[in-house]
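Encoded as structure tokens, the structure appears first; notes follow it.
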4 protein chains.
Amino acid sequence: MKSNRPKYNQIIDAAVIVIAQNGYYQAQVSKIAKQAGVADGTIYLYFKNKEDILISLFHEKMGYFVEQIEEEIKGKATASEKLHVLIQKHFQNLSEDVNLAIVTQLELRQSNKELRLRINDVLRGYLNLIDQIIIEGKENGEFLPDLNNLLARQMIFGTIDETVTTWVMNEQKYSLPDLAPDVHRLLIGGCGLKS
Amino acid sequence: MKSNRPKYNQIIDAAVIVIAQNGYYQAQVSKIAKQAGVADGTIYLYFKNKEDILISLFHEKMGYFVEQIEEEIKGKATASEKLHVLIQKHFQNLSEDVNLAIVTQLELRQSNKELRLRINDVLRGYLNLIDQIIIEGKENGEFLPDLNNLLARQMIFGTIDETVTTWVMNEQKYSLPDLAPDVHRLLIGGCGLKS
Amino acid sequence: MKSNRPKYNQIIDAAVIVIAQNGYYQAQVSKIAKQAGVADGTIYLYFKNKEDILISLFHEKMGYFVEQIEEEIKGKATASEKLHVLIQKHFQNLSEDVNLAIVTQLELRQSNKELRLRINDVLRGYLNLIDQIIIEGKENGEFLPDLNNLLARQMIFGTIDETVTTWVMNEQKYSLPDLAPDVHRLLIGGCGLKS
Amino acid sequence: MKSNRPKYNQIIDAAVIVIAQNGYYQAQVSKIAKQAGVADGTIYLYFKNKEDILISLFHEKMGYFVEQIEEEIKGKATASEKLHVLIQKHFQNLSEDVNLAIVTQLELRQSNKELRLRINDVLRGYLNLIDQIIIEGKENGEFLPDLNNLLARQMIFGTIDETVTTWVMNEQKYSLPDLAPDVHRLLIGGCGLKS
DNA sequence: AATGAATGAGGTTTCATTCAT
DNA sequence: GATGAATGAAACCTCATTCAT
């Protein structure tokens, strides 16, 4: 699926809105088509089936996500700073598109196991980013040398994810990006050297 | 719903098995009834509807979970020790009942948003347990005095949860309880005083 | 599928009527259910899917058909008489249930190839009956000793079938059973003069 | 529909191939267009609708069929010889174009009743040819004077048709034209002994 | 004449829940 | 209390046809 066709993005954007507003189960194809301003059948010119819309949605949005963070990270010197940027951007992106946050944190998780495995493939790029930061942190002495890579990544991703989910479920009553420094400090405390 | 009626537990145990083996979507009421050895209609003498089975399932299993951990924690003197017991018991419990782990970590998450909000209510007791440990840790000087309670809890729960989920998705290839000390050290590093 | 459950036959009879009156493509499951006086879903308690209704329909009706003819044939001494009974009964049965005739001669033939192969299995019993008559006729000297069994059967079945189809397509303007003696004479004697 | 436009025949030939290879139901207009090397929309410049392709297909192919047999028959003196040529040519033609045989004997029969009625109109010319042979046979004393014209035609056509269908369904394992003499003898003489 | 992107109607099947026995 | 046969709503996807270019 090439992504430079206008209707392709039109449908994905419509899907985000419809799923966020109606929930995963009430997001019928016909509703998405209507929101996108196309006929039901048109959906199937751009997507194999309904599941393909969701995978593509995640792919497109997460892809942009990872690229953007990768770009920003390049300029940073330390692993700690890189982690800070990652948290900051993660929170900021989802904060700026609440519908997307609702979809990724709540709605897409009730898709079937198969779909979630596909989504995890997409997530891989993001997890790799975190892994690289951990490795770099250990190499340049910022993080504990005996830090378990997998566990560290699980802590970082689990904490970020849980923080966003809680924010979404609390109906975004507070500023998510403002939490970034504290979350960063917490995570560095876990990974970092006792100094 | 009283829990000392034999068929009640029979149905809940059947639900765990059926959901773990067939997945959330293939866990039809008729299948659960068959596994429990009762008629379809009998389910509705003990549960309001299908959702009620799932909430009750979580309630019963998590209730036992929290009670058990609460009991074990009482005897421990420090917040750090208490956290260690909590992690240890969490990992051990789910490690001993893989079906339950699959259900709570993977299958039940694809329930609808409403159900997950209800499940979160049940989770409250567990989160409270974590909150108490954090407060105690701050009071007796084990943890940083300016630690953000909510964030700390999110880190602890997020990390534990992500660790279990990864273990389940990796088909339980390694020992989950063995990870407890490392996860504990990581989390204490985040919450604890720089010493 | 056992056939002594009342709704089973009720649905099959309804299917014959609905298909005959509306045609194969306009015979929606909902229409058959309504005609049978049951809910749509009830159909699926007795039949695997829509195709299964059609196969079962053919099976039940043709099964009765073959049994009846087999019974009648037993009492006849010669192959010629047996053939006459077969033709007579075939014409009479379909003549007495015009809806069934429409379904078997016109509507069921537009089912997909797969379904028709399944139907051919059912037909096998009928074709075997014809084969036996041919063999018997050759053994007792009624038929030509060098008669090609397969071709003879094809002629007999093809002629009977074409005769019924023409009768159905001509809206049953004439008596089908009355044609039996002539068709019998034709098949026994062909077109040519006895010389 | 004029038939000397190149794309017209191109589309009909494509339809024969696509239907034979994919079956009636999988012979979508788009597939036929692709096989013909034209755009979907182009089909509708030459045919009113999909049904029109199929009727035209039958018309063109059967028309050629009838013409060819008519031509060959002229030179024959007796009805019996004419019938032999008809059978021979029928078998030979379909034998030489297996795709066409599959389409006419199997696939086109699962079209709707309406279409089949239209196809029968086309068939009329062929049936007339048979009728003429029967009449001639009776007039010149070759056939029985009290032969029922309609029944005789039904026997002849039914037998030929059933023979071809069986051959197609048996995946053309044997030579169809080789059967012509036997089928001819059968039709002329029937099953019974010449007495 | 030719294209092909867009349309939108329509039907089979599943499964949670009920209720007469 | 227990049963299980019956219910019926609800949605994804296909594909013949159109029409702006």
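Bear in mind that the values in this text are calculations on the coordinates, not laboratory data. Model, not experiment: these values are computed from the prediction. In this analysis, Cβ positions are derived from the backbone assuming ideal geometry, glycine residues included, and neighbour counts consider all displayed protein chains.
To the nearest ten degrees, helix C:149-169 and the longest principal axis of the Cα atoms of chain C are 50 degrees apart. Estimated translational diffusion coefficient (Stokes-Einstein, Kirkwood radius over Cα pairs, 37 °C, 0.692 mPa s) of the stretch A:106-172: 241 µm² per second. Residue by residue along C:161-170, Cβ atoms of other protein chains within 10 Å of the local Cβ number 4 on average. What net charge is computed for the residues neighbouring B:Ala27, neighbours being all others with C-beta under 11 Å from the C-beta of B:Ala27, Lys and Arg scored +1, Asp and Glu -1? Surrounding charge for B:Ala27 is +1.
Separation of the stretch B:28-94 and the stretch C:6-45, taken as the distance between their Cα centroids, equals 47 angstrom.
Taking trypsin sites (Lys or Arg not before Pro) that fall in a DSSP loop and have at most 12 other Cβ atoms within 10 Å as cut points, what is the longest piece of chain B between them? That gives B:49-172 as the longest site-free run. Inter-copy label distances for B:Gln172: 4.0, 5.8, 6.6 nm (label point placed 7 Å from Cα along Cα→Cβ; shortest first). Summary for B:Lys7: label point 7 Å along Cα→Cβ; distances to the equivalent points in the other copies, ascending, 2.3, 5.4, 7.0 nm. The stretch D:131-175: which GluC sites (Glu not before Pro) are DSSP loop and have at most 12 other beta-carbon atoms within 10 angstrom? Answer by residue number: D:Glu171. Averaging the Cα positions of each part gives two centres, and for the stretch A:140-188 and the stretch D:107-182 these lie 81 Å apart. Extending 7 Å from the Cα toward the beta-carbon at both A:Asp97 and A:Ser30 defines two label points whose distance is 2.8 nm.
The region of chain C that goes longest without hitting one of the chymotrypsin sites (Phe, Trp or Tyr not before Pro) in a DSSP loop, each with at most 16 other Cβ atoms within 10 Å, is C:26-173. The angle between the Cα long axis of helix D:113-139 and the longest principal axis of the Cα atoms of chain D comes to about 20 degrees, rounded to the nearest 10. To test your reading of the geometry: what angle, between 0 and 90 degrees and rounded to tens, separates the Cα axis of helix C:50-74 from the longest principal axis of chain C? With both axes taken from Cα atoms, the answer is about 30 degrees.
Counting only lysines at least 8 places from A:Lys138 when in the same chain, those with an alpha carbon closer than 25 Å to its own are A:Lys74, A:Lys76, A:Lys82, A:Lys89, A:Lys194, B:Lys194. Its DSSP H runs of at least 4 residues, each contributing -39,500 (n - 2.57), put the calculated 222 nm mean residue ellipticity of chain C at -23500 deg cm²/dmol, to the nearest 500.
Under the convention that each Lys and Arg Cβ holds +1 and each Asp and Glu Cβ holds -1, the size of the dipole of the protein assembly as shown around its Cα centre is about 760 debye. Inter-copy label distances at D:Glu67, shortest first and taken from points set 7 Å along Cα to Cβ: 5.4, 6.1, 9.2 nm. Counting Cβ atoms of other protein chains within 10 Å of each Cβ in D:116-126 and taking the mean gives 1.
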